[in-house]
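The values are calculated or read from the model by the stated rules, or taken from the named source; none is laboratory data. Remember, predicted model here, so these are calculated numbers, not experimental data. Note that each Cβ is placed from the backbone with ideal geometry, even for glycine, and that neighbours are counted across all protein chains shown.
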Amino acid sequence: MKTAFITGTSSGLGHGLAEHLSRSGWQVYGCSRRGCDLAEVRDAVCDLTDDAQLPAALSGLLADVERLDLVILNAGMLGEIRDLSETPLEDLKEVMEVNLWANKAVLDWLHAWKRPIGQILMISSGASVLGNKGWGGYALSKAALNMLAKLYAHELAQTHISALAPGIIDTPMMDHLCDEADAERFPALLRLREARGAQAMPGPLTAAERVVSVLDRLKDWPSGSFVDIRQIMDPEGYARLYGTPR
């Protein structure tokens, strides 16, 4: 049986990934602040930013696991959509703590674990490259996450690592982005609002199926690469989004 460890399994993409892999016959181990409601997932309730709590939680959860075929570092936060010049430094530090440093802490634990890991996905975002107005702390943290993947590819040389942008997904986060945030001030939100309810913005389970379907294809890129799933599944949409030739 294949084994996977996923962070942020309580909701959104992480929950979708845990559900899809479990249905597909994988043994899934999860870690989240609020816990996962899927009975088939072996889950630890853990705050990944708590340096004192994390090692014990992971050691307990994965004590009997000899190998992980897949690790998906999915847990993250958006932060407020606002001008960067108006964003308090403390808010930026909070986003960086969750989206970057917590992932480093997990990677360091896995490095010390010394057991085989087939593939690691760090869930990134097109925001890490596009630099759209208003995405401040989120874009900065995901850009840094892309570099984290590249740097750890040297240190986890037997594991293939990708920073993957999974595309836009209809999660509770979209309730704020599509209904409350100021789209006139931050035009990138208009694309999200136009996509909601369409195939371009699937729900978490469908998005999870898409992510799992490209796992092998990601290995066509060097370990440590940033890949947008649209490069594989929708090259024309990818070209439109990034303004690059097909």
- Task: Would you mind telling me which numbered condition in (1) among the hydrophobic types (A, V, I, L, M, F, W, C); (2) at pLDDT below 95; (3) closer than 23 Å to Ala207 by Cα Leu38 fails?
- Result: (2)
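Filtering segment 173-210 down to residues that are small (Gly, Ala, Ser) and in a loop (DSSP other than H, G, I, E, B), which residue is farthest from the chain's Cα centre (by Cα)?
Residues of segment 173-210 that are small (Gly, Ala, Ser), as a first pass: 181, 183, 188, 195, 197-198, 200, 203, 207-208.
Among the residues that remain, those that are also in a loop (DSSP other than H, G, I, E, B) are: 181, 183, 197-198, 200, 203.
Working: Ala181: 22, Ala183: 24, Gly197: 22, Ala198: 22, Ala200: 18, Gly203: 15 Å.
Checked segment 173-210; the qualifying residue farthest from the chain's Cα centre (by Cα) is Ala183.
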- Task: State the number of residues belonging to segment 195-212 that are surrounded by 13 or more Cβ atoms within 10 Å (Cβ to Cβ) and either without any contact (Cβ under 8 Å) to a residue 12 or more places away in the chain or of a type in the set (Val, Ile, Thr) (or both).
- Result: 3
- Determine whether Glu40 is farther than 18 Å from Asn103 by Cα and assigned to a loop (DSSP other than H, G, I, E, B). yes
- Note on the structure: The one condition Met1 fails out of (1) surrounded by fewer than 22 Cβ atoms within 10 Å (Cβ to Cβ); (2) aliphatic (A, V, I, L, M); (3) within 15 Å of the chain's Cα centre (by Cα) is (3)
- Task: For Leu78, indicate whether it is at pLDDT 95 or above and among the aliphatic types (A, V, I, L, M).
- Result: no
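Does Asn132 satisfy the criteria of being touching a residue at least 40 places away in the same chain (Cβ under 8 Å), under 23 Å from Ile168 (Cβ atoms) and buried (at least 18 other Cβ atoms within 10 Å of the Cβ)? Working first, answer last.
Details: touching a residue at least 40 places away in the same chain (Cβ under 8 Å): yes; under 23 Å from Ile168 (Cβ atoms): yes; buried (at least 18 other Cβ atoms within 10 Å of the Cβ): no.
Against the criterion (touching a residue at least 40 places away in the same chain (Cβ under 8 Å), under 23 Å from Ile168 (Cβ atoms) and buried (at least 18 other Cβ atoms within 10 Å of the Cβ)), Asn132 does not qualify.
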